[in-house]
Each structure stands twice: as C-alpha cells, then as structure tokens.
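Enquirer: My questions will all concern the structure given below.
The values are calculated or read from the model by the stated rules, or taken from the named source; none is laboratory data. Just so we're clear, the structure is a prediction, and the values are computed from it rather than from any experiment. Neighbour counts are summed over all protein chains in view; Cβ atoms, including those assigned to glycine, are modelled from backbone coordinates with ideal geometry.
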Amino acid sequence: MEKSHTPMRTRIAPSPTGYMHIGTLRTALYSYFLARQSNGQFIIRIEDTDRERLVPGTLESLLKTFQTLGLDHDEGPVLRSDGTLDEKGNCGPYIQSERLSIYKKYAEELMKAGHAYACFCTEERLTKMREGQVASKQPTKYDRLCVKLSPDEVQSKLKRGESYVIRMKIPEGTSTFVDAIRGEITFQNSEVDDQIIFKSDGYPTYHLAVVVDDHLMNITHVLRGEEWISSTPKQIILHKMLGWDMQVYAHVPLILNPDKTKLSKRKGDVSVESYLKKGYLPQALINFLALLGWNPTADREIFTRSELVELFDLSKVNRAGAVLNVEKLNWMNAQYLKMMTEEEYLRACLPWLQPTTYNLQPDLDRACFLVRDRVQVLSELPQLVGFLFEPSLEYDPSLLLWKTQTREEAKERLTIAREFLHGRSNGEFSSVQELEKDIRALIVERGWSNGDTLWPLRIALSGQKQSPGPFELIVAYGKERAINRLDQALAKL
C-alpha cells in the first residue's frame, strides 16, 4: 500500500467505562501514525451511549493518559489544567451523549425511507423468542413481528405511549468491503440481525452513532480491533441506506497472552495505566506496542516516535494475533533507560525513591546510577537499591561462601579486605577503576582466586545473590559504611 499524500482524518473512539486497554492504545497509535505521516488530523471521540457501563472520572483519566504518552490530538475533548473539560475542533460535540438530537434525526430519516421501523416488543417476548430459537437450533435473530404493523397500528401504539426501539430493516443480498489489512470480506445479509439503532431511552446504539459520527466528522480511515469485523456489515448497510461513502476500514489483530489466548486481565495487566504505574516509560511502551504485529525492518527494535510515524504502513500489519512478551518489553524499557541523559534518568528515577525512606548515605543519585545497568522497570528501584540504605543486612551466613569455600577462608578474605580499605584515605574511594585495580592486585599478591575473594566481598556489601559488583558498592558506600558492612559479615561468620 503506497503512502497517501492526501491528508487522512483518523480517530480513536474509546468508551469511558474504565481503564484504557493496551489494545486500544495500539490501535490509537496506528491511527495517530497515519494522520501524522499524511499531515492529516487525529481525533478523539468519546462513545458514551452505553449509560449503564459508564465509570465516573474515566474520561479525565483517559485524557491524562494521552497527555502522559505525548499523543497530541487535533480535535476532541481537552482536559484543562484545572481538571475541567473543554473541546477543540469544528466537528463537535465530540462526546456522543451531547449529540443525541443528531442521531435521532438520522434514525427518523431511515424510518421515513423505509430502511428502519419501530419495534414495540417487550424484553419478555424477545427472551421467549430467543429461547424458542435456541431450542429449535435456529439462529437467534429478531423475527420481524413489528415489520408487519400497519402505519395506523404504529401511530396507535405511539399515542398510547408504548415504549419502542428503532430497528434497521436489513435488505437481502450481500455486503462487501475491502479491509486495508485483510483484503476483501463479504457477508451474507441473511445472517445479519435487524439491529436496534435507537433505544427507548433516547440514545443510539453503537452502529448508528459510529456511522453518523464518522461521516459528519469527515473521518477517512477507521481502525479498530478485529472483534468488530462482525459488526461491519451493519455499518456497510447503514452507509448505503444513508447514501454515504464508506471510510477505509482496517481491523487490527488481537494482542494475545503467551499461550495464544486473548489478552485478559485474569492473566496479567491489560491497562495502559497499570504499565505506566509500574514504571514503564511512555516512549518504550509506544515503541513496544507499535511493533506488536508490525515491524518496518527485521534488524532493529528501537525506533523514535518520528521514525514510527514515517515508516508505518497499514498494509504491512500482520493479520495474525501478536503475543505480548513482557520480557521483551522489559528489555526495551531498559534500553530506553540507558539511552537517557543522566539528568533525564535521575528525573525518571527519583519519584520512585522517597527521601524519608532512603535517608542514609549513599545519596539517592549515586544509588540510581549504581543500578542503571540492571534496572529494567522503574518500580524495581526500591528493591534494587533498598539494601544500600539499611543499617544492617539480613542474610544466611552460608551465602558468603563461594562454592566449596570454608568459613575460615571467607573470614580471612574479608578480614584482609577490611584492613585494605581501612588503610586507604577517604579520597581514595571515588574511583571504581582505581579501587578495582588495587583489590585485584591484592588478590594476585595473596595467591587467591577472584571468585573466592570477590564473592564474599560482594555478599558482605549487598546481602544479595545478585547485585552490583563489589568495587561499585564500595565507592557508593564510602569508607565508613563499606567497612561497617564487612564488620557485620565477619560477625556472622
């Protein structure tokens, strides 16, 4: 698919019913890339017509998440600095519950044209009808009882104030569209139900609202998850009924668990907010999600935002589901942490380490840099550096022993190391390289091996099987605290 030079208008249309699913974010990213690479517009529209599922505060939370990710939109709701809502753009309102009169107008037009009809069936009757269809192994579809009502009967029911919905009258034939990812897809209209498009509470259903909004907001490309493919024939038919051209539709594959099942909260985190709260960097999360099911080149994994925008190609998105590999995300996040300037890195780290908790030496800056090569996710920081600030370390004394080393041997190594550190001036604890050179020379001079000396030394300083090296730890602690750690270890032995 050649890159378009015509500006594209794309949108993301989440419902404020809770957290933002990472699948929604990936679809938003692809929509964003298309808009930016074509000098078009990226629009946020809020689909809040399912009133029973709304969760207060989630619209504001969603907009904050977009701000955190740096995904700027051209039109749609805007969160002011004081927490109140505004909007920008000329095609609003951008919140569906503020557009009810628009949907009602088009629903009534469809009825006048004979493409839709009023349905007065009660929920009790519909339930009984479906149960009968299931029992006789028939498809569960509306039986069109209300299509047979005469205009006079309809008017009589309306005058009596009977509750009703408006249903599409699905025509015979087939409905076909070309999916930008999957190619041509055809549906038999006989398998499509007479969908409710306007509910008795005055709200439209998804199908009418999305078709009307995409048309009136001049959307050119509709990207959404593949679970919406089955809804497409209803929208094709609505476009034809209203005499409108369809947008380009593209159904993005699912994100999967490692066992190839659909990503679900039961098996791990699925919300964007939870990943950000764990300390994944926005740019790393965007890079990772963008490459789930699409990769512009086989020899690279790290891309800047501008490169992703420039290289994105909708036709190259895989049709198969993409597995979310947390290990790969962790690796990628670590790469972004390493690429930061020292100032950026500290700015990212310090909120995770509260000075009231970590009030001993070494200082927080040194602690952060000490584990820079080991930290993958910022939420790991307290655990990675916490031991540095403890007045004493709790660990099994046997951990101090290297392989078959005896306690006496370990004690000898630590005693000599303590004497070595005690004999150095405070000014000689600033260079890791110099310290390492001198300690390794001491090991050679004594005829020891690196393992049976450096292992007990490192454990004495960290109390952990895995930690930064002993030379870095000594410099981080400084003379007094390093010697104190060795004294504690010798007491354990």
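Enquirer: Residue 431 versus (1) over 22 Å from residue 371 (Cβ atoms); (2) among the small types (Gly, Ala, Ser); (3) at pLDDT below 95: which is the lone unmet condition?
Expert: Of (1) over 22 Å from residue 371 (Cβ atoms); (2) among the small types (Gly, Ala, Ser); (3) at pLDDT below 95, only one is false for residue 431: (1).
Enquirer: Also, I was wondering about something else. Does residue 49 fit the bill of being in contact (Cβ under 8 Å) with a residue 12 or more places away in the chain and over 19 Å from the mean Cα position of the chain (by Cα)?
Expert: Yes, satisfied.
Enquirer: Still on this structure: Test residue 319 against the stated conditions and say whether it is among the basic types (Lys, Arg) and in contact with a Leu (Cβ under 8 Å, 6 or more places away or on another chain).
Expert: Answer is no for this residue.
Enquirer: Also, quick follow-up: Go through the stretch 416-471 and give me each residue that's over 46 Å from the mean Cα position of the chain (by Cα), within 19 Å of residue 491 (Cα to Cα) and among the β-branched types (Val, Ile, Thr).
Expert: 416
Enquirer: Ok, one more. Is it fair to say residue 55 is surrounded by 13 or more Cβ atoms within 10 Å (Cβ to Cβ), of a type in the set (Val, Ile, Thr) and either under 26 Å from the mean Cα position of the chain (by Cα) or not assigned by TED's automatic domain parsing to the domain that holds residue 234 (or both)?
Expert: Answer is no for this residue.
Enquirer: Give the stretch 167-201 a look and list any residue that's under 25 Å from residue 92 (Cα atoms) and touching a Phe, Trp or Tyr at 6+ places or on another chain (Cβ under 9 Å), or say none.
Expert: Within the stretch 167-201, 196, 197, 198, 200 meet the criteria.
Enquirer: Taking the options 85, 126, name whichever one is assigned by TED's automatic domain parsing to the domain that holds residue 171, aliphatic (A, V, I, L, M) and surrounded by 12 or more Cβ atoms within 10 Å (Cβ to Cβ).
Expert: The conditions single out 126.
Enquirer: For the subset of the stretch 401-422 comprising residues that are among the β-branched types (Val, Ile, Thr) and part of a loop (DSSP other than H, G, I, E, B), which member is farthest from residue 485 (Cα to Cα)?
Expert: This residue is 404.
Enquirer: Could you list all residues from the stretch 450-493 that are of a type in the set (D, E, K, R) and assigned to a helix (DSSP H, G or I)?
Expert: 452, 458, 472, 479, 480, 481, 485, 487, 492
Enquirer: Could you tell me which residue of the stretch 288-300 is farthest from residue 31 (Cα to Cα), considering only residues that are modelled with pLDDT under 95 and surrounded by fewer than 21 Cβ atoms within 10 Å (Cβ to Cβ)?
Expert: Restricting to residues being modelled with pLDDT under 95 and surrounded by fewer than 21 Cβ atoms within 10 Å (Cβ to Cβ), the top hit is 299.
Enquirer: On to the next question. If you check residue 379 against the conditions, is it at pLDDT 95 or above, among the polar types (S, T, N, Q) and out of contact with any Leu (no Cβ under 8 Å at 6 or more places or on another chain)?
Expert: For residue 379, the condition - at pLDDT 95 or above, among the polar types (S, T, N, Q) and out of contact with any Leu (no Cβ under 8 Å at 6 or more places or on another chain) - is met.
Enquirer: Just to check your reading of the model, which residue among 438, 487 is closer than 15 Å to residue 400 by Cβ, surrounded by fewer than 21 Cβ atoms within 10 Å (Cβ to Cβ) and out of contact with any His (no Cβ under 6 Å at 6 or more places or on another chain)?
Expert: 487
Enquirer: Moving on to the next point. May I ask you to verify whether residue 461 is under 26 Å from residue 391 (Cβ atoms) and surrounded by 21 or more Cβ atoms within 10 Å (Cβ to Cβ)?
Expert: yes
Enquirer: Same structure again: Can you work out which of the residues in the stretch 366-415 that are crowded, with 17+ Cβ neighbours inside 10 Å and of a type in the set (Val, Ile, Thr) is nearest to the chain's Cα centre (by Cα)?
Expert: Out of the qualifying residues, it is 377.
Enquirer: If you go through the stretch 2-61 one residue at a time, how many are hydroxyl-bearing (Ser, Thr, Tyr) and not in a helix (DSSP H, G or I)?
Expert: 8
Enquirer: Among the helices (runs of 4 or more DSSP H) confined wholly to the stretch 238-324, which include 3 or more residues that are at negative phi and free of Cβ contacts under 8 Å to residues at least 24 places away in the same chain?
Expert: The qualifying helices (runs of 4 or more DSSP H) are 305-311.
Enquirer: Check whether at least one residue in the stretch 156-177 is surrounded by 13 or more Cβ atoms within 10 Å (Cβ to Cβ), touching a strand residue (DSSP E or B) at 6+ places or on another chain (Cβ under 9 Å), hydrophobic (A, V, I, L, M, F, W, C) and under 30 Å from residue 294 (Cβ atoms), and report yes or no.
Expert: yes
Enquirer: Continuing with this model, one more query. Can you go through 276, 285 and tell me which one is surrounded by fewer than 21 Cβ atoms within 10 Å (Cβ to Cβ), under 17 Å from residue 329 (Cβ atoms) and hydrophobic (A, V, I, L, M, F, W, C)?
Expert: Going through 276, 285 in turn, the sole match is 276.
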